[in-house]
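The values are calculated or read from the model by the stated rules, or taken from the named source; none is laboratory data. These numbers come from a predicted model, not from an experiment. Counting neighbours? That spans all protein chains shown, and the Cβs are built from the backbone with ideal geometry, glycine included. In case anyone asks, the SASA skips ligands and DNA or RNA and just uses the protein heavy atoms, side chains included. Shrake-Rupley method; radii C 1.70, N 1.55, O 1.52, S 1.80 Å.
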Amino acid sequence: MKLKKSSLFIVFLIVCFSAFSQNTKTIKFNSEQLNTDRYIKIYVPPSYELDSTNLYPVAIVLDAEYLFDAYVGNSILFAQKEKAPEQIVVGINQNYYGERYEDCGYLLENSYPTARAEEFYRFMKVELLTFLEENYPVSPFKTIVGNTLTANYINYFLIEDYPSFNAFISISPYYAMDMPVLLHNKISTLNDENFYYYMSNHKENTTERDLLIKDSDTILSGANNINFKYKYDAFKESSRTTAIGQSIPSALAFIFEMYSTISKEEFEENVKDLSPADAIAYLENKYVEIEYLYGGKIKIREQDIFAIEPIILDKENGDYLKNFGEMINKMYKESAMGDYYIGRYYETGKKYRTALKFYKSGYMKLPKGDPNSDGYYENIERVLLKRDGLYNEDPNN
């Protein structure tokens, strides 16, 4: 069941903060665990009402009064630039009466949550996440965000037996004394799926808090577990406030790196030395994993197709041009690209009649007035000459 909302969507994005229209609502949530009402903000993306089958990653944002808008604004920007999927963002207000101190308190003797903080833990895990899964189309991928004290608290969802979240954004955390050790003990046990952990720091922390963050960074950066992905930013010139605006986009870029198109670094590290068959498989698997993790149904983007094109053209005498073209035709049935590569495959094999068939098919897909029409038609003319034995391979004659 989807909750009703107006179709009107107005967003003004200024630096990192946004004002939201009917895409954000505030609800009063009656919690049995807390024995009180809590106010929850919920943002849903523009496509929410347009596709009933789409699933969305969900982000839970603590300290919502000042973190929620910053996170939502960045999530909109990243989604528009195809650097991250659209997300459902849920903010928990904690600063009307200083609730964050009761919600997220911990015991000095062992760094575990207080009795009241355990109730807040159960409210989030048992009530809030269940409510979201029953009322919104959420994917399995979940992120949790905290700042200072609440940034320490989010770790309790990582060190539990079965972590409730896939990604953790810890902004300038006020770590409990034993938290670095608790994290160290947990990280080695993570398996089966990837977990993303982002942490930041700023210049205004006390010496004690700064030391705990640095100790944690040493432990987390040295973790020997391929399932644990970690990034740390030390904003040495930033205040507590400006570090928030820097941390959120840096964290999103890190957590959703796989969702983005193939970057220069990804190509150099993972793609350039692949065979054509493996390059095609890499691209297909990348998008299968994107859909599995984030729930979004996106086609292989043209930029990624062009990224592996040199491998297909330059290696193994173009033997995989046909496979490449067929993959593109599955994604872009109305595009001429797939037919072009299949035609090129048959032309290379001197099967001119079949090559002509695919080149003509691709040409017919081009819209009237397309600036590429003349260049594309040259493929047809060239193959006709080759078929009739009239084509001159030497461009100088």
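Side notes on the structure shown:
- Candidate set: segment 271-289, residues that are more than 18 Å from L313 (Cα to Cα) and free of Cβ contacts under 8 Å to residues at least 24 places away in the same chain; chosen: the one least open to solvent (accessible area, probe 1.4 Å): Y287
- K351 under 30 Å from Y282 (Cβ atoms) and either among the charged types (D, E, K, R) or without any contact (Cβ under 8 Å) to a residue 60 or more places away in the chain (or both): yes
- Residue that is surrounded by the fewest Cβ atoms within 10 Å (Cβ to Cβ) [pool: residues in segment 211-228 that are among the small types (G, A, S) and touching a helix residue (DSSP H, G or I) at 6+ places or on another chain (Cβ under 6 Å)]: A223
- Residue pairs meeting the criteria (Cβ under 7 Å; at least 6 apart or on separate chains; first without any contact (Cβ under 8 Å) to a residue 12 or more places away in the chain and more than 21 Å from K351 (Cβ to Cβ), in segment 365-381; second in a loop (DSSP other than H, G, I, E, B) and among the polar types (S, T, N, Q)): none
- A count restricted to segment 235-254 and to residues that are open to solvent by 40 Å² or more (accessible area, probe 1.4 Å), in contact with an Asp or Glu (Cβ under 9 Å, 6 or more places away or on another chain) and closer than 26 Å to P163 by Cα stands at 0.
- Conditions (1) surrounded by 15 or more Cβ atoms within 10 Å (Cβ to Cβ); (2) of a type in the set (D, E); (3) within 18 Å of V138 (Cα to Cα): number failed by D69: (3)
- As for segment 254-263, it holds at least one residue that is touching a Ser or Thr at 6+ places or on another chain (Cβ under 8 Å) and not acidic (D, E).
- Only listed residue being part of a loop (DSSP other than H, G, I, E, B) and either closer than 23 Å to K330 by Cα or touching an Asp or Glu at 6+ places or on another chain (Cβ under 9 Å) (or both), chosen from L274, L283, L293: L274
- Residues in segment 76-112 that are small (G, A, S), under 23 Å from I248 (Cβ atoms) and without any contact (Cβ under 8 Å) to a residue 60 or more places away in the chain were compared, and the one that is least open to solvent (accessible area, probe 1.4 Å) is G91.
- Test: residue in segment 202-210 that is open to solvent by less than 70 Å² (accessible area, probe 1.4 Å), among the β-branched types (V, I, T) and touching a residue at least 12 places away in the same chain (Cβ under 8 Å): no
- Sole exception among (1) modelled with pLDDT under 75; (2) touching an Asp or Glu at 6+ places or on another chain (Cβ under 7 Å) for K28, by number: (1)
- Residue ranges of strands (runs of 3 or more DSSP E) in segment 69-183 with at least 2 members in contact with a helix residue (DSSP H, G or I) (Cβ under 8 Å, 6 or more places away or on another chain) and modelled with pLDDT under 95: 138-147
- Any hit, segment 158-175, residues being touching a His at 6+ places or on another chain (Cβ under 6 Å), crowded, with 19+ Cβ neighbours inside 10 Å and closer than 15 Å to I244 by Cα: yes
- Filtered residues of segment 345-388 (kept if within 22 Å of D314 (Cβ to Cβ), open to solvent by 100 Å² or more (accessible area, probe 1.4 Å), within 41 Å of the chain's Cα centre (by Cα) and not acidic (D, E)): none
- Any chance Y391 is open to solvent by less than 70 Å² (accessible area, probe 1.4 Å) and of a type outside the set (D, E): no
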